[in-house]
Amino acid sequence: MSDDTQVPTSEAVASEASAEKRRCRHCGNFFSPRFEEEAYCCSGCRVVHELIDSGGFNSFYELLGRQVLEPAADREPGADQLEEIRETLVQIETGRANSDTPAQITLRIGNLTCTACVWLIDRLFQKHEGALKMNSDTARSTLTLWWHPGQFDLIQFVRELHQFGYPAGLLDESEEGPADESRSLLTRLGVTGGLALNTMAFTLPSYLGIETDDQLARLFTLVAFASSSLALAVGGSYFFQRAWSALKLGALHMDVPISLGLVAAYLGSLAGLIFGIEGMLYFDFVATFTFLMLGGRWLHLHLLERNRRQLWARERDLTSVFLITDTEGRQRIPLRRIQAGNHLEIPPESLLPVDGVLLDDQARIHLDWINGEPDPVNFVAGQHLRAGSRNAGTLPFLVEAHEDFGASFLDRLLDPTRLADEDVQSSHPVLKIYLLAVLFVALAGGCGWILGGNGITASLQVFISVLVVSCPCALGLALPLLDEMLLSKLRQEGIFIRRHSLWPRLRQIRTLAFDKTGTLTEPVKRLTNPTSLDDLTQQERAALQILTDQNHHPIGRALHEVLTARFGRSNLAPCPVSDAPGSGVTCQFSKSEWRLGRDDWAASKNNTTPSSGCTLSRDGIRVASFHLEESIRDGAAEQIHHLQQDDFGIYIMSGDPDRDRVALTAAKLGLDPEKVFANLSPKDKARLISEQPPDSILFVGDGGNDSLALDAAAASGSPATGVRAVESRADFIFTGRGFHAITQLFSASKRRQHIVTAVFATAILYNLIAVGLCLAGLMNPLLAAVLMPLSSLVTTTIAARI
């Protein structure tokens, strides 16, 4: 094969195909095809689809229906993860008090979202010898397994789960923390709902005009009073506590008007009960309103927590480190226990958590967490390694720590300054005006009736009725439903919202800043001469599959991605692969030595015509050369162009030290060179963001060197990396290889704002009518019982239009 063959670049292919959008046959996400027959958004999805098909599990797609999954990662679980599970497995099987007792373990499972997922995992589990029972909890993304000790291969099952797109890890009970707020609300909601029904049942006879004697009517009223009081104590106390906490901090919280309406209605009803004024008995309102507001709050919290749970389950911890000592040998230790002078073993793909010196002869290191540099760098014994360096080799390496973890820059970089969510029901801009207006109208109406000579009872009834009917149903019920439907729709597009407070912040954004590597560009490079794979023989392609299957080098990953995407998964038996740092990888296959790497090393027997690409050779003779390039994400250029037309300022803030490479990416995207920055440290990125007008900048990044920038920005996002330390700092996460999240978020924000405006307009109209009736003295408990649910129904119907 000649190296001079003219083939279109991957950018040209992507540009030609950009007009076409396809849904992945496995996960259902949209993608732009890179070649005509491409049916999957990534190689991982193709592998999973083939595994499901070959395993006879096609009913999975029937159960899945129109659900959209996260794209599958075609990678093995981390060696450190498997070792941790293996250690736990030994403890479980040897630590049982009774040898006849089944072994049990609970795993955290990523992407466990629906019945189809549970069905597939159960089929995979049951086909293993020794498997007994499986319980799943999709709300917590957990899987509990029971098996016969010594018979069930847990490690192989975990590997299978990962192959099928369900990354598994040990459930750490300490990271569970307190019960989710939505789960604690569910009991309150159920009890309050029962009490509300009871209150309405004993109030209904009076509304329907059913004649009862005075004693029975009094009994019905007392039962309604008791039920309403209990509903207020169980459900209303949730709002009272939060309203009081907000007022002590000087904040006007959504729970303040809710609490005010409940207290006014209850006290007014109590006064009506004591003085025998039927027109002030709003006990059914108190119970029903408490139930509706509590239901809206539960819905709001439940969806956000479900998003977080799903993200948390598919993410992995930052790193795993082993301490090497003469007395205790090798033991896993928490990062906080690392001290200067410790000898640490860093497994493949794990991060070095502290500065140190390399003790092994050589190591291949990724610096992408430090400076965004995508290609690994070779280090030798005695060289200094910075915290955040990642093991890019296939074997662990040894380091002597030069600092305690508490003094490490990585510890400061990952300080959880924004991990806690802002209050999901924080003040709406018009809330203060609304509350003051309600109080003013209620007081003015009551005083007006007193001045009109109508007596204290009539004026008090007007005052109470205004506070009762002007309930904030639009904020308390319609908006949670709106957000539930909106987040569900975004989740189908591969966008996960971590914080509801993102929506008001998005409206202020006028500047966008992006990291380059892995954010604007694809995490994996693209092959510019894909026809070179078609020209390989079956044996040559098999050798290339072996050399790239477990290869973590960016070039190896890129070749493995395109090989799998075009030709499917390899069924070859595992074959040992040797790593030659700085040169490439080699293996013995089919009685020949195969090499993949630098041309002068791989093609040593015909290097008279050197190639600039990555070379595959057989017994020192070049078989093919592969040329790869850093590729822009699907649709990025188009989306950036649209954002510029909408007058957004666009910046690139990259840690990549290669300024020319960053400039080339910016040129492909049509960005102003003056807004492109390279070789930035984490502090530099945060400083540049802080120089922008407050609350105006959104930053998107995916590495450890982006953490300070994610914290400094008014809003932040990250492509799905699977690294909890990064993703947990972002307001939103997006999956897939496309660059679609930003424009979709702004579009969703605009749609949401339009519907919120419609909901508020309807609520204002309702309040004008209802308050007008109150001021005219025409409001009564029956009319209030009709108007309030009617307004809730109308506003929630409008919200459902999203």
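What's the ranking of 219-232, 709-722 by average number of surrounding C-beta atoms within 10 Å, highest first? Mind showing how you got there, number by number?
On the way: 219-232: 20.4, 709-722: 23.9.
Top of the packing list down: 709-722, 219-232.
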Legend entry - C-alpha long axis of helix 43-54 to longest principal axis of the chain, angle in °: 80
Legend entry - Distance between modelled label sites at residue 531 and residue 765, nm, 7 Å Cα→Cβ extension: 6.4
Inset, instruction - Note the angle between two axes, namely the Cα long axis of helix 479-492 and the longest principal axis of the Cα atoms of the chain, as a number of degrees from 0 to 90, rounded to the nearest 10. - result: 20
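If we sort 489-497, 400-408 on the protection proxy, mean other Cβ atoms within 10 Å, highest first, what's the order? Write out the running numbers ahead of the final one.
Numbers: 489-497: 20.1, 400-408: 17.8.
Output ranking for 489-497, 400-408: 489-497, 400-408.
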Legend entry - Angle between the chain longest axis and helix 781-799 axis [Cα atoms, degrees, rounded to 10]: 20
Inset, instruction - Multiply the residue gap between residue 439 and residue 659 by 0.36 nm, knock off their C-alpha separation, and tell me the result in nm, one decimal place. - result: 73.1 nm
Inset, instruction - For region 550-605 and region 134-152, write down the distance between their C-alpha centroids in whole Å. - result: 37
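Fully extended, how many nm does the chain gain between residue 67 and residue 267 (0.36 nm per residue separation, minus their Cα-Cα distance)?
Working: separation 200, 0.36 × 200 = 72.00 nm, distance 4.84 nm.
Here the answer is 67.2 nm.
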Inset, instruction - With a Förster radius of 35 Å, plug the Cβ-Cβ distance of residue 100 and residue 343 into 1/(1 + (r/R0)^6) and report the FRET value to the nearest 0.05. - result: 0.25
Inset, instruction - Measure off, as a whole percent, the carbon and sulfur share of the 1.4 Å-probe accessible area of the chain, all protein chains present. - result: 56
Legend entry - Cut-off 19 Å (backbone N to label point 7 Å along Cα→Cβ of residue 690), residues of region 351-392: none
Inset, instruction - Evaluate the relative contact order of the chain (contact order divided by residue number), counting alpha-carbon pairs under 8 angstrom at least 6 apart; express in whole percent. - result: 13
Legend entry - Selection from 294, 554, 456, by position along the positive dipole direction of the chain (Cβ): 456
Inset, instruction - Could you order 377, 662 so the one with the most accessible surface comes first? Probe is 1.4 Å. - result: 377, 662
Legend entry - Most to least packed among 129-141, 183-195 [average Cβ atoms within 10 Å]: 183-195, 129-141
Inset, instruction - In whole Hz, with x marking every Gly and Pro, tabulate ³J(HN,Hα) for region 95-106 from phi via Karplus 6.51 cos²θ - 1.76 cosθ + 1.60, θ = phi - 60°. - result: x, 6, 5, 10, 5, 8, 6, x, 6, 9, 8, 10
Legend entry - Pairwise label distance in nanometres, residue 328 with residue 629, each label 7 Å out on the Cα-Cβ vector: 5.3
Legend entry - Contour excess over end-to-end distance, with Cα ends at residue 91 and residue 25 and 0.36 nm allotted per residue: 19.7 nm
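Run lengths n ≥ 4 of DSSP H only: what is the helix-derived mean residue ellipticity at 222 nm for the chain, with -39500 (n - 2.57) per run over all residues, to the nearest 500? Write down the numbers at each step before the final one.
Details: 28 runs with 367 residues, N = 802.
Calculated mean residue ellipticity at 222 nm is -14500 deg cm²/dmol.
May I ask you to derive the FRET efficiency for residue 114 and residue 361 from their Cβ-Cβ distance with R0 = 41 Å, giving the value to the nearest 0.05?
Numbers: r = 50 Å, r/R0 = 1.21.
E between residue 114 and residue 361, to the nearest 0.05, is 0.25.
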Legend entry - Given (i) 33.2; (ii) 45.8; (iii) 41.3, the label whose value is mean projected area of the Cα convex hull in nm² derived from this model: (iii)
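The values are calculated or read from the model by the stated rules, or taken from the named source; none is laboratory data. Bear in mind the structure is a predicted one, so any value in this text is a computation, not a measurement. Don't worry about glycine lacking a Cβ; one is built from the backbone with ideal geometry, like all the others, and counts go over all protein chains shown. Note: areas computed on protein heavy atoms with side chains; ligands, DNA, RNA excluded. Shrake-Rupley method; radii C 1.70, N 1.55, O 1.52, S 1.80 Å.
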